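Below: the structure, in structure tokens.
The values are calculated or read from the model by the stated rules, or taken from the named source; none is laboratory data. The structure displayed is predicted, hence computed values, not measured ones. FYI the Cβ positions are ideal-geometry reconstructions off the backbone, even for glycines, and counts take in every protein chain you see. What goes into the accessible areas is simple: the full protein's heavy atoms, side chains included, and nothing from ligands, DNA or RNA. Shrake-Rupley method; radii C 1.70, N 1.55, O 1.52, S 1.80 Å.
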Amino acid sequence: MAIWVQEDKGIFHLQSKGMSYIIGLYNNYPIHVYWGKKLRHDGNLDGLPHLGVGTALDRLPQEYPQYGTGDYRVPAYQVKLQDGTRITELQYTGYRVLAGKPQLAGLPSVYVESPDEADTLEITLRDDYASLNVILRYTVYRDTDVIARSVELVNDGQAPLDLLRALSASVDFPEDGQFDLIYLSGGWSREGNLTRRRLEQGTTALQSRRGMSSHQHNPFAALAKPGTDEHHGEVYGFSLVYSGGFAIEAEVDAFSHTRLGIGLNPFDFSWRLAPGESFQTPEAVMVYSAEGLGGMSRTYHRLYRTRLVRGTFRDKERPILVNNWEATYFNFNADKLVDIAAEGSKLGIELFVLDDGWFGKRDADNSSLGDWTEDLRKLPGGLADVAKRVNDLGMQFGLWVEPEMISPDSDLYRAHPDWCLHVHGRRRTEARWQLVLDLTRAEVRDYVYNALSKIFSSVPIAYVKWDMNRNLTEIGSAELPVERQGETAHRYVLGLYELIDRLTGDFPHILFESCSSGGGRFDPGMLYYMPQTWTSDDTDAAERLKIQYGTSLVYPISAMGAHVSAVPNHQVGRVTPLSFRGDVAMSGNFGYELDLTKFTYEEKELVKQQVANYKEIRSLVQQGNLYRLQSPFEGNETAWMFVSDDQREALVYYFRVMAVPYPARRTLKVRGLNPDLDYTVLDSGEVFGGDRLMQAGLALPDIQRDYVSGCFHLKVQD
Ligand code: DGJ
């Protein structure tokens with residue numbers, strides 16, 4: 001039993017291995033009592049200030065706060081009634097405990113494989129005057145400190161209701177005391193910047209209004225007690241399983257109490273709830289860690305790797321690939337592609353990916369999106385011929401697509417100019433010369449489904465890179481009635497999910513990787529359908545240290561595409577050694593993105609070694625437990641390590657960006673090992689105790705140049 005209910009006292013206690021989350025009832029309001037280290041379920045909670053003691057709503061820690069009845073902090077939801085009023089008051093009507101976890105209709109979510117893994121509490125609330133029922137759902141996993149929350153709003157009256165705001169979760173931290181807000185910010189080619197700032201009285205918002213989760217802010221935030229670091233201290237993580245616009249709002253009130261709400265961005269959102277209709281919010285996944293940020297990340301990694309990602313590739317080692325994008329851009333023909341693949345196959349690479357430019361008349365980024373037929377000028381034998389020639393080399397064949405888009409210069413646009421998102425009477429803003437297809441419309445989704453499934457079923461495709469290269473503008477749909485135009489952005493995401501659910505379900509043998517100009521949609525929603533994501537368009541290894549480190553705060557390594565590219569690097573012009581580029585990329589889901597035919601003999605020999613090495617270590621990298629040892633956001637050095645579940649094997653990666661004159665001798669204290677076991681460093685043969693490696697450290701190489709990297713493979717010998 002993970003949920004304990006004391007009906008007489010109105011207490012709901014959600015308990016996992018190391019965590020308790022307690023909800024109480026006060027005047028029929030569900031109030032927040034406690035979230036933190038595990039408490040005894042039969043312990044006495046009397047005397048907690050907010051339980052059973054009369055207090056104003058504005059001071060009451062709540063579970064799903066409303067606006068209009070005396071709480072002036074940021075609300076979790078707001079509904080407009082037919083009479084124009086926007087005040088509702090939700091009162092408790094009942095509860096239900098279910099074994100396991102129900103799936104969310106039409107939305108991605110974490111799941112269970114057996115009902116024993118988790119229990120779900122449903123708390124039902126009602127506003128009689130509006131005939132609005134609200135179900136708060138909380139799933140608590142038994143063996144991991146996770147709560148998944150979502151909300152369903154149901155109109156059981158005779159008149160329509162308009163949702164103006166419907167967050168997935170809101171948590172009021174009842175004890176006063178400060179928090180640091182930790183989040184991932186950035187921009188295109190600069191994703192995953194780990195940002196930390198002290199919250200003061202007032203409201204801090206992280207959000208995307210772009211119709212996608214965005215490069216600028218990831219749908220994630222953590223609240224950490226001051227002093228919490230990578231390895232120690234309490235931290236509360238919030239991650240939204242959603243790929244569209246979102247909002248995370250943290251408000252500190254006059255009593256230094258913090259409220260954090262997370263969900264769909266209420267900006268430019270409304271949803272008509274006709275009589276009898278219900279609305280399901282996306283899911284927020286909340287993690288508690290008493291072992292700092294590292295503990296929080298390891299919980300997210302395991303959960304997302306094994307209970308969010310689905311399908312054939314979930315537990316499989318991912319192939320090493322070579323992608324032709326930075327090798328050729330749009331300028332290629334079949335022979336050139338096969339030459340790159342042939343070189344790759346000699347070096348042990350397993351998958352060749354044909355990127356943008358293979359369809360329509362796409363010689364640049366200004367045409368043809370939507371016309372998903374091979375360009376026979378470049379590929380005279382079509383895709384099937386290239387795929388066969390790649391397969392004949394002993395490699396798998398992968399293909400890039402950008403199915404959500406339409407180029408104004410395309411046959412599709414000429415035939416269906418109303419198929420893009422647009423607002424009648426307004427201009428259509430192009431970005432990268434393209435418009436966004438209106439995926440709220442079933443006929444548009446069917447077109448994309450048919451065009452792609454024709455290719456996927458006629459060409460031996462093992463991998464698909466699903467790209468999406470612009471934000472949404474003129475967010476309106478020709479199909480939706482006036483009162484539903486505010487639904488367009490969310491309906492777009494629902495349409496996308498329906499489309500990718502169909503395609504990934506019908507082609508289970510294809511490994512899908514999502515991409516949005518790099519990490520513009522690196523979110524748990526996409527990971528539910530596609531087990532990996534292209535982390536960033538910035539392939540410079542020094543930049544990637546930060547991007548991969550930041551992204552790893554939430555997302556598992558198996559999800560993070562990381563490629564070695566050419567020097568000078570195409571994004572920043574930096575020249576780094578191939579060994580450094582290899583070590584950074586091997587810390588993720590490994591591949592190459594350059595013209596291998598241009599490599600020297602020595603470079604090819606090194607690639608051969610890197611590929612062979614990655615095949616040895618990839619299960620540890622992709623499925624091991626990540627410990628971040630040194631942050632690139634704090635200095636010149638970065639270190640991280642991967643430890644096997646049984647603690648008998650570990651890989652420690654160390655990077656120093658700039659040379660330091662006359663440096664001190666350095667050791668690196670590692671983590672996560674068994675202090676009682678002896679580990680052999682495979683390269684040198686030296687043997688050290690786990691205690692010594694963790695307490696006294698591992699001696700770092702003393703090499704005088706920029707861009708130094710090293711990997712220590714530690715193994716307990718039988
Ligand atoms: C953006 C992606 O992130 C790149 O890797 C590449 O696929 C281009 N799009 C192609 O247009």
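Could you count how many residues in segment 194-215 are outside any loop (DSSP other than H, G, I, E, B) and either more than 17 Å from Ser239 (Cβ to Cβ) or over 15 Å from the mean Cα position of the chain (by Cα) (or both)?
Residues meeting the conditions: 9.
Can Lys608 be described as open to solvent by 10 Å² or more (accessible area, probe 1.4 Å) and either within 16 Å of the ligand (Cβ to nearest atom) or in contact (Cβ under 8 Å) with a residue 40 or more places away in the chain (or both)?
Spelling it out, Lys608 is indeed open to solvent by 10 Å² or more (accessible area, probe 1.4 Å) and either within 16 Å of the ligand (Cβ to nearest atom) or in contact (Cβ under 8 Å) with a residue 40 or more places away in the chain (or both).
Can you tell me which residue in segment 653-679 is nearest to the chain's Cα centre (by Cα), limited to those that are open to solvent by 20 Å² or more (accessible area, probe 1.4 Å) and of a type in the set (Val, Ile, Thr)?
The residue in question is Val657.
Which ones in segment 71-120 are among the charged types (D, E, K, R) and on the phi > 0 side of the Ramachandran plot?
None; the set is empty.
Taking the options Val390, Val436, name whichever one is assigned to a strand (DSSP E or B), touching a strand residue (DSSP E or B) at 6+ places or on another chain (Cβ under 8 Å) and at pLDDT 95 or above.
Only one candidate passes the filter, namely Val436.
Go through (1) within 16 Å of the ligand (Cβ to nearest atom); (2) open to solvent by 10 Å² or more (accessible area, probe 1.4 Å) one by one and return the number of the condition Asp538 breaks.
Unmet for Asp538, out of (1) within 16 Å of the ligand (Cβ to nearest atom); (2) open to solvent by 10 Å² or more (accessible area, probe 1.4 Å): (2).
Taking the condition away from the ligand (no atom under 15 Å from the Cβ), among the charged types (D, E, K, R) and farther than 22 Å from Ala462 by Cα, does Asp363 pass?
Values: away from the ligand (no atom under 15 Å from the Cβ): no; among the charged types (D, E, K, R): yes; farther than 22 Å from Ala462 by Cα: yes.
For Asp363, the condition - away from the ligand (no atom under 15 Å from the Cβ), among the charged types (D, E, K, R) and farther than 22 Å from Ala462 by Cα - is not met.
Quick one: is Asn366 open to solvent by 30 Å² or more (accessible area, probe 1.4 Å), without any contact (Cβ under 8 Å) to a residue 60 or more places away in the chain and at negative phi?
When the stated conditions are applied, Asn366 does not pass them.
Would segment 314-327 turn up any residue that is assigned to a loop (DSSP other than H, G, I, E, B) and within 16 Å of the ligand (Cβ to nearest atom)?
Yes - at least one qualifying residue is present in segment 314-327.
Going by the conditions given, is Ser185 in the same structural domain as Glu63 (by TED's automatic domain parsing) and open to solvent by 10 Å² or more (accessible area, probe 1.4 Å)? Lay out the reasoning, then the answer.
Working: in the same structural domain as Glu63 (by TED's automatic domain parsing): yes; open to solvent by 10 Å² or more (accessible area, probe 1.4 Å): yes.
Considered against the rule, which asks whether it is in the same structural domain as Glu63 (by TED's automatic domain parsing) and open to solvent by 10 Å² or more (accessible area, probe 1.4 Å), Ser185 comes out as yes.
Applying the selection to segment 328-360, what residues are more than 14 Å from the ligand (Cβ to nearest atom) and in contact with a Gly (Cβ under 9 Å, 6 or more places away or on another chain)?
So the first thing to find is which residues in segment 328-360 are more than 14 Å from the ligand (Cβ to nearest atom), and the list is 333-352.
Those that are more than 14 Å from the ligand (Cβ to nearest atom) and in contact with a Gly (Cβ under 9 Å, 6 or more places away or on another chain): Ala334, Ser345, Ile349, Glu350, Leu351, Phe352.
Asp335 fails exactly one of the following numbered conditions: (1) assigned by TED's automatic domain parsing to the domain that holds Tyr242; (2) out of contact with any His (no Cβ under 8 Å at 6 or more places or on another chain). What is the number of that condition?
That leaves (1) as the condition not met.
Cβ contacts < 8 Å: first residue outside the structural domain of Arg502 (by TED's automatic domain parsing), restricted to segment 513-534; second residue open to solvent by less than 10 Å² (accessible area, probe 1.4 Å) and more than 14 Å from the ligand (Cβ to nearest atom), any location; separation 6+ or different chain. Result?
Qualifying pairs under 8 Å: none.
From the list Leu682, Leu693, which one is closer than 21 Å to Gln622 by Cα and either touching a Ser or Thr at 6+ places or on another chain (Cβ under 6 Å) or not assigned by TED's automatic domain parsing to the domain that holds Gly550 (or both)?
Leu682
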